[in-house]
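**Student:** The structure's right below; bear with me while I get my questions together.
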Amino acid sequence: MNPLRSLILAAAGNDVIRRAVAAAPVSRDVVRRFVAGESTAEAIGVTRRLVDSGLTVTLDYLGEDTTDEDLADQTVLAYLELLEALRAEGLAGRAEVSVKLTAVGQLLDERLALTNVSRICAAAQESGTTVTLDMEDHTTTDSTLRVLAELRGTWPTVGAVVQAYLRRTVEDCARLAGEGSRVRLCKGAYAEPGEVAYQDKHEVNLSYVRCLNVLLAGDGYPMFATHDPRLVPIVDARAAHHGRKPGSFEFQMLYGIRPDEQRRLAELGHTVRVYVPYGVRWYGYLMRRLAERPANTAFFLRALASR
Ligand code: FDA
């Protein structure tokens, strides 16, 4: 793995650095490039703007690795407030939510996470929308897939996420490609050891292509989460090869990254979903975005230095 990427990902898990960065007078603009705001109202405002421009949305209330039961409960309450607001604003048909299980108690107890995320799924159903379970580092993969299977017993539309950098993922794709199954394919954003994950970018890309073929050949609804200018046309070409029409799969990109490409794909008739994070606990998320691209790190450091 690129040394700068490893360094930033290590910083993402370092509490001392987290406190130093959080205390620094970071320009609102830096965070705001990737994060929609801190409140439900701000998240709804950004969602409205994206939906009005022809895009769809998945909202993430930021937070992860919670070891405090009250904080896990607060996260659930934030999602319930958000889902009620999506319903009240008439946005639930175009916007769903993404949930990290470690934000709702997975590190404390898998059953607690299941109970908490079930409350979110029930509220999503009531509001007329869906939930996707984000995938976190590889130590949580089996637990997350177990929780997914339990949730799908009641809410079959709950979406899964698989990460192409994991060596296991092509097999997970085959297991998850059944009828009605919503599956997001991404490359993967965590620092993972060589035993479980491809380290070379090219190998990750090859794995992404193998996985996308498995998902497109299946009967589910694949969601291709990538900004990679080489992979987007491959998704398009392979979808056509598998007889997939726009609407039987979707593209997904992160808020603030390649917005022109998001609009271009939507104008071609594709469903494009923008992943919109919001909330006060933006640190881990921002660090992963910086690790993906040295230019983002330079942008961030310049903004810090200019204070
Ligand atoms: P890659 O990082 O190789 O970048 C390819 C090209 O895309 C770059 O050369 C550049 O042109 C552009 N680009 C990529 N990132 C950029 C950035 N930050 N700023 C500007 N340009 C950029 N991960 C995970 O582990 N679990 C999850 O649940 C999710 N969920 C998720 C949802 C959605 C909707 C997306 C888009 C992504 C995720 N991810 C994720 C993150 C994902 O695993 C991955 O880290 C990022 O999407 C970056 O990978 P790319 O496929 O974009 O390619």
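**Student:** First select every other residue whose beta carbon is under 9 angstrom from the beta carbon of THR47; then total the charges, Lys and Arg +1, Asp and Glu -1.
**Tutor:** Surrounding charge for THR47 is +2.
**Student:** Just add up the charged neighbours of ARG94: K/R +1, D/E -1, any other residue whose Cβ is under 11 Å from the Cβ of ARG94.
**Tutor:** Value of the local net charge: -1.
**Student:** Another question, then. Give me the percent of DSSP beta bridges within the chain that run antiparallel, rounded to the nearest 5.
**Tutor:** 5 percent
**Student:** Considering only C-alpha atoms, what is the centroid distance from the range 36-109 to the range 128-146, in Å?
**Tutor:** A separation of 15 Å, based on Cα centres.
**Student:** Just add up the charged neighbours of HIS138: K/R +1, D/E -1, any other residue whose Cβ is under 11 Å from the Cβ of HIS138.
**Tutor:** Here the count lands on -3.
**Student:** List the lysines whose Cα lies under 18 Å from the Cα of LYS100, skipping any in the same chain that are fewer than 8 positions away.
**Tutor:** Within the straight-line cut-off, LYS100 pairs with LYS187.
**Student:** Would you compute, from DSSP H runs of 4+ residues alone, the mean residue ellipticity of the chain at 222 nm, taking -39500 (n - 2.57) per run and dividing by the full residue count, rounded to the nearest 500?
**Tutor:** It lands at -16000 deg cm²/dmol.
**Student:** Express in whole angstrom the spacing between the alpha-carbon centres of the range 250-274 and the range 175-241.
**Tutor:** One Cα centre to the other: 17 Å.
Values quoted throughout were computed directly from the atomic coordinates according to the rules given, and no laboratory measurement underlies them. Treat the numbers as computed from the prediction; the structure is a model and nothing was measured. Because the Cβ atoms are built from the backbone with ideal geometry, glycine has one as well, and the counts that use them run over all protein chains shown.
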